[in-house]
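Below you'll find the structure, written out as structure tokens, and then a few comments.
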Amino acid sequence: MTIRKATYEETRSILNYHLEVLKEATMGYVKPSREKALEMMTPFLTGGGYYLVRVKNNVIQGWVGLGRIIDQNTDETVGFINEMYVLPPYRKQGAAEKLCKAAFIQLRAEGHKQVQLNVYAGNHAKHLYEKLGFTDVSTLMTKKLD
């Protein structure tokens, strides 16, 4: 299997999954809709973001979205993982970890010294991110006012 930058056609294919990705990744905090997906993905892609895909026998098994942002705390440009997704039949086989490690190599090659991501409370992927060395920076908390 191979991990490489997605082609234009593969990127379009990945975007077809965005409602499912949005639903799973945000743990129900964001109501998935085409409008919300466009609102979230357009700045990522027009700002230079792209995907690395894990492919075996010409079948995409998963992907990681990479870009860059300005860290609000340090005003430095850092690498950013916008999205990580492994299709259900390929989960629990190490694909996400391999995609993350490939992302680190790619972002380092682009000159980044740090990578950030956002993960919603309850998302099981947080355990993988912690295993790979990510640490909490802040926590957004909410309370309903009845």
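Assorted remarks:
- Across the range 2-131, C-alpha contacts under 8 Å between residues 6 or more apart give a mean separation that, scaled by the residue count, equals a relative contact order of 23 percent.
- Neighbour-count order for R34, R68, fewest beta carbons within 10 angstrom listed first: R34, R68
- For a straight C-alpha distance cut-off of 17 angstrom, the lysines reachable from K56 (same-chain residues fewer than eight places away being disregarded) are K5, K92, K98.
- Label corresponding to semi-axes √(5λ) of the Cα gyration tensor in Å when calculated from the structure given, among (i) 23, 19, 16; (ii) 23, 16, 16; (iii) 27, 18, 15: (i)
- The sum of -39500 (n - 2.57) across all DSSP H runs of n ≥ 4, divided by the residue count of the chain, sets its helix-only mean residue ellipticity at 222 nm to -10500 deg cm²/dmol.
- Distance from the C-alpha centroid of the range 82-119 to that of the range 122-144: 15 Å, rounded to the whole angstrom.
- Order of T26, T135 - criterion: other Cβ atoms within 10 Å of each residue's Cβ, fewest first: T135, T26
Here, each number is a calculation from the coordinates, and none is a lab measurement. None of the values given here were measured: they were computed from a predicted structure. Glycine also receives a Cβ, built like all others from the backbone with ideal geometry; neighbour counts cover every protein chain displayed.
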